[in-house]
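Laboratory data are not the source of any read-out in this text; all were calculated from the coordinates shown. If you're wondering where the values come from, they're calculated on a predicted model, not measured in any experiment.
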Amino acid sequence: MSIERPAGSTSTSRSGLLLASIALLAVSLPGCAKPRLSVQRPILSGPFSGATEDGKAVTVTFSEEREAFRGEGTIGAEPIVVAGAVGWHGVGSLARGDGGAELVELTLSADGETVLLEREGQPPVTLERGGSPAPPAPSGPFSGSYRAQRERATLAQVTLVQRGALLAGVGIVA
C-alpha cells in the first residue's frame, strides 16, 4: 500500500518553510542590530549631608576626576577627608581630624541623590544630596591627581586630598 501526496504539495511546504524562515529573520535581526542600553552611573559631585546614629551632623562635598572621587567635610565638628575609586559601590580611605583613618565603602543610589557611607563597626550613614557645602579650607600641597605614563598609556593614577594635616588617597593601577 502506498500513500500518494497531492500534486504540488512538496513545493508548497518548501515555500511555506522558506517564508517562515524569512519572517523569523526579519523579526530577530533588527533586535540584534540595536545597541544595548547602558545605564550611566551618576557623577558623585556636590554637597551631601546626613547624620550618624548618635546625631552628629555629617557634611561632605564630593568631586570626581577620571576614575577617582574625593570629598572634604565634617562629622560633628571634626574635619574629614575621603578619597576612593569611582563606581556604584566604591571603597575609599577616610582620614579624621583626630588622626584616625579607616577604610569606608560608599554606595551611590541609581538616581545619584543618596550615598550610603559604611564604616567597619559603625552603623551606616545615609547622606542625601544637598545641604551646605563643607566649609572651605585650603588644600595642602599634596592635593591633586598624579599619573604614571609610558608612551601615552596610563600605568597608574593616584588621587590625594589634603586638608591641613589630613591626607587621604586612592591609587588605581591600569
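Computed log10 I(q)/I(0) for region 91-174 at 0.15 Å⁻¹: -0.75, from the Debye equation with unit scatterers placed on every C-alpha and solvent omitted. With the Cα gyration tensor of region 44-91 giving a ≥ b ≥ c as the square roots of its eigenvalues, does the rule (a/c under 1.5 for rounded; else a/b larger than b/c for prolate; else oblate) give rounded, prolate or oblate? The shape class here is prolate.
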